[in-house]
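Colleague: Below you will find the structure I want to go over with you.
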Amino acid sequence: MRERIMFAAMEEMNQCSIKFTMEDVARRLGISKRTLYENYSSKEELIGAIVDRVTSDFREKWQAVMEDDSLSVEEKLQKVITVRPAIKDQMNDRVAIDIKRFMPREWEKAERAMDEQWQMIEALLAQGVKEKVFRPVYFPAVRKMLQGAYSEIADYSFLTQNKLTIDEMIGHVTDILVFGLAARGAGKGD
């Protein structure tokens with residue numbers, strides 16, 4: 001039942017963002033509010049469970065990428081940066097933006113997961129430098145660039161104006177970060 005409630009809440013969030021009510025979720029499921037509150041004591045707890053689910057999915061996917069020996073260090077870096085949880089497909093981009101804006105405690109969970117992601121990115125950068133795949137760079141600058149890029153692209157009006165999803169924009173940023181601006185295969189001075 002808890003799973004069904006989470007997915008119904010995500011459907012409500014797609015329509016109303018985080019402004020949905022527990023009554024909306026109960027109505028969508030055809031259950032009483034009492035049944036709903038037996039599973040989740042509040043809307044905040046329900047959203048928290050969704051955030052926990054998303055961050056758990058991130059962790060599983062990052063670990064799978066890190067353990068995949070068939071991927072090069074560049075491919076691993078690109079995949080770790082662009083990994084999106086399966087449950088994310090059930091929510092639109094505005095929901096994450098609103099959680100960040102209006103539910104700072106829940107957003108802190110996401111930020112902790114992003115810190116874990118950074119540790120993986122830094123390990124991949126170090127591995128790439130050691131293997132001479134990447135040139136040595138100041139890792140904190142890369143982190144700041146990624147944080148700035150994520151912050152700037154989590155702007156719903158920018159995304160809608162450019163007809164992009166967060167996933168597409170993250171893909172563009174990652175491609176530029178990993179492969180640079182120079183044409184691939186072009187030599188210096190060409």
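Colleague: Do you know which residues across segment 137-149 are within 18 Å of the chain's Cα centre (by Cα) and under 13 Å from ASP115 (Cα atoms)? Walk me through it before giving the result.
Modeller: Our first condition is that a residue be within 18 Å of the chain's Cα centre (by Cα); within segment 137-149, this holds for 142-149.
Matches in segment 137-149: ARG143, LYS144, LEU146, GLN147.
Colleague: Residue under question is ILE50, and the condition is that it be more than 11 Å from the chain's Cα centre (by Cα), assigned to a helix (DSSP H, G or I), surrounded by 16 or more Cβ atoms within 10 Å (Cβ to Cβ) and at pLDDT 90 or above; does it hold? Working first, answer last.
Modeller: Details: more than 11 Å from the chain's Cα centre (by Cα): yes; assigned to a helix (DSSP H, G or I): yes; surrounded by 16 or more Cβ atoms within 10 Å (Cβ to Cβ): yes; at pLDDT 90 or above: yes.
Yes, satisfied.
Colleague: Scan (1) within 15 Å of VAL80 (Cβ to Cβ); (2) touching a residue at least 40 places away in the same chain (Cβ under 8 Å) for the single condition THR165 breaks and write down its number.
Modeller: Exception for THR165: condition (1).
Colleague: Say we look at segment 105-146 and pick out the residues that are among the aromatic types (Phe, Trp, Tyr) and more than 17 Å from THR82 (Cα to Cα); which of these is surrounded by the most Cβ atoms within 10 Å (Cβ to Cβ)?
Modeller: So the residue we want is PHE134.
The values are calculated or read from the model by the stated rules, or taken from the named source; none is laboratory data. Since this is a predicted model, take the numbers as computed values, not measurements. All Cβ positions, even for glycine, are placed from backbone atoms using ideal geometry, and neighbour counts span all protein chains on display.
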